[in-house]
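The values are calculated or read from the model by the stated rules, or taken from the named source; none is laboratory data. Everything numeric here is computed off the predicted structure, so don't read it as measured data. Note: ideal-geometry Cβ built from the backbone for every residue, glycine included; neighbour counts use all protein chains shown. The area values use the complete protein model at the heavy-atom level, side chains included, leaving out ligands, DNA and RNA. Shrake-Rupley method; radii C 1.70, N 1.55, O 1.52, S 1.80 Å.
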Amino acid sequence: MIPAALMEALRQRYAEPQRHYHTWAHIEALLEHYRRWVRYLNRPGPVLWALYWHDAVYDPRAKDIEEKSAQLLECEAAGHLSPHDIDFAAVMIRATATHTVPEGLSAQDTEDLALFLDMDLSILGAPEPIYDRYEQDIRAEYAFVPEEAYRAGRGAILTGFLSRPRLYFTDIAHAEWDASARSNLARAVRALEQGS
């Protein structure tokens, strides 16, 4: 159970003015997937904490937000989670920097981390209007980046995802979101290339 004071502090963080997509609504969307799929998780506790804290520190101008979010969790979860679970939750948060599963984890932790990352990328497979709003919100978070540079950088990120042989690690997420995610990504890349 996450203490109410920590939850309230998190809500304040996710309400910061620089956020447009990375808000509490993003957390609530992930919680819906978590509740649907919690039965597949081996260690649901640390996954839940990672879900809440993974974007707790968010500054689009910074390069170390995943690391700072992980450090914040390590500090705030102390005394509420076991050190073993805190370590794993922090590993999951750090993995969102590249959206890849690090080596050296147990088979069960690898499964949990894969599903956690898949849930975090669920927006890619959302219905078109929701996905399009996501792209608008990301652009708003990077409003300080000139248009041409943004189109090039964002296009490279989306093309990188499209080029992956498999967007989602788990079979359940792959079956649910892969086709729509690839359609959304391809459409977004075309829009960026056309400057629309």
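Label separation (residue 182 vs residue 97): 3.1 nm, computed from points 7 Å beyond Cα along the C-beta direction. Using the Karplus relation 6.51 cos²θ - 1.76 cosθ + 1.60 with θ = phi - 60°, the per-residue 3J(HN,Hα) values for segment 23-31 come to 10, 5, 4, 5, 4, 5, 5, 5, 4 Hz, with x marking Gly and Pro. In the calculated pair distance distribution of segment 142-196, what percentage of Cα-Cα distances lie above 19 Å? More than 19 Å apart: 35 percent of the Cα pairs in segment 142-196.
Please give the net charge around residue 160, taking every other residue with its beta carbon less than 14 angstrom from that of residue 160, where Lys and Arg add +1 and Asp and Glu add -1.
Details: positive: 154, 164, 166, 182; negative: none.
It works out to a net charge of +4.
Semi-axes of the equivalent ellipsoid of segment 88-196 are 27, 16, 12 Å, computed as sqrt(5λ) over the eigenvalues of the C-alpha gyration tensor in descending order. Adding -39500 (n - 2.57) for every DSSP H run of four residues or longer, then dividing by how many residues the chain holds, sets the calculated 222 nm ellipticity at -21000 deg cm²/dmol.
Converting phi to 3J(HN,Hα) with the Karplus coefficients 6.51, -1.76 and 1.60 and the offset θ = phi - 60°, segment 83-88 yields x, 4, 6, 4, 4, 5 Hz in sequence order, with x at every glycine or proline.
For segment 88-196, run through the GluC sites (Glu not before Pro) and keep only the ones in DSSP coil with at most 13 other Cβ atoms within 10 Å of their Cβ. Write out the running numbers ahead of the final one.
Values: sites: 103, 111, 135, 141, 147, 148, 176, 193; in loops: 103.
Passing both the DSSP loop test and the Cβ count: 103.
Of all stretches in the chain that contain no trypsin sites (Lys or Arg not before Pro) in a DSSP loop with at most 13 other Cβ atoms within 10 Å, the longest one is 64-165. Calculated accessible area for the chain comes out at 50 Å² per residue, all protein chains present (probe 1.4 Å; ligands, DNA, RNA ignored).
With a 1.4 Å probe and every protein chain kept in, tell me what percent of the accessible surface of the chain is carbon plus sulfur. After summing per-atom areas, the C and S share lands at 55 percent.
Give a quick list of chymotrypsin sites (Phe, Trp or Tyr not before Pro) in segment 91-189 that DSSP marks as loop, anything other than H, G, I, E or B, with at most 12 other Cβ atoms within 10 Å. All intermediate terms of the calculation are to be shown ahead of the outcome.
Numbers: sites: 116, 131, 134, 142, 144, 150, 161, 168, 169, 177; in loops: 142, 144, 168, 169.
Sites meeting the loop and neighbour criteria: 144.
When Rg and the Kirkwood Rh are both derived from Cα coordinates, the Rg/Rh ratio for the chain amounts to 0.96.
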